[in-house]
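One structure is given here, and the rest of the page talks about it.
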Ligand SMILES: [Mg+2]
């Protein structure tokens, strides 16, 4: 990669990949719950409900992207489609239509013909490695984010959501490395510039984040849930995840806020974790969360080793 400060870059790349993993695992037990239901059961949910943090489709597909980057030294959609199919575990909470995509890939249908017209957040949820790998070239980041999404999701909203999420990861990493403070409006404008030509409606949906002022965690949750429905639609969940990052000042708060928004909690948590991890780095992820993550065949240590191999 030829990056001047490899240690710093590795810390951020690990932060983004493991940030996806912890956000996914933290949100999974309350997936589909509205904010008020989570709050009345747990207060602010900030620990792994079942003791072990098990990941879902978000992290499993992210692993496929990591493996592709290792194998090819860059992104390759045909290789990645194969990884998605090889890794597919139907017990990981995949959307119904993904079962069909995986089956078509297994039958040998090319990567660019196997997908669906879904406007969901499935492209965005797994995109952390592309945001990190291409952070210094936003055009390459955009092209690869689009290709990686088209394997499953072809709707412009799904594509714009993935590009927005990858750009948020890439910019968060840039600002993290340069130690520059983030100006939320400028950050959002740069994301908007990347997605306007893909889906104008999506670009406009990002504006809703601009008017969310800082306040207590509960005040911010009320503001975001008042504006977005937080379903698995990319146009709702991606701006919410970016908003969770921009309205907090540390990794833990960003992810706790995201998960407690309710709705598609594993994915909103995964996306906020990816952005916050790229900015604050692996060192800021709470130890209690990391040690709770599942660590079997393709678990925590495997993800860490994948990122290290990419940067070798
Ligand atoms: Mg999931």
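Here is a yes/no grid of residues against (1) within 16 Å of the ligand (Cβ to nearest atom); (2) touching a residue at least 12 places away in the same chain (Cβ under 8 Å); (3) more than 21 Å from residue 213 (Cβ to Cβ):
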| position | (1), (2), (3) |
| --- | --- |
| 255 | yes, yes, no |
| 274 | yes, yes, yes |
| 284 | no, yes, yes |
| 296 | no, no, yes |
| 307 | no, yes, yes |
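Does residue 83 meet the test of being crowded, with 18+ Cβ neighbours inside 10 Å and more than 16 Å from the ligand (Cβ to nearest atom)? The answer is yes for residue 83. Inspect all residues belonging to segment 30-45 and state whether any of them is within 13 Å of the ligand (Cβ to nearest atom), under 20 Å from the mean Cα position of the chain (by Cα) and surrounded by fewer than 18 Cβ atoms within 10 Å (Cβ to Cβ). Yes - at least one qualifying residue is present in segment 30-45. Restricting 23, 15 to residues that are away from the ligand (no atom under 16 Å from the Cβ), in a helix (DSSP H, G or I) and in contact (Cβ under 8 Å) with a residue 12 or more places away in the chain narrows the list to 15.
Scanning segment 95-142 for residues that are part of a loop (DSSP other than H, G, I, E, B), surrounded by fewer than 20 Cβ atoms within 10 Å (Cβ to Cβ) and within 16 Å of the ligand (Cβ to nearest atom) yields a single hit, 95. The set of residues from segment 143-154 being part of a loop (DSSP other than H, G, I, E, B) and in contact with a helix residue (DSSP H, G or I) (Cβ under 8 Å, 6 or more places away or on another chain) comprises 151, 152.
No lab work stands behind these numbers, since they all come straight from the coordinates. These numbers come from a predicted model, not from an experiment. Reconstructed Cβ throughout: ideal geometry from the backbone, glycine too, with neighbour counts over all protein chains shown.
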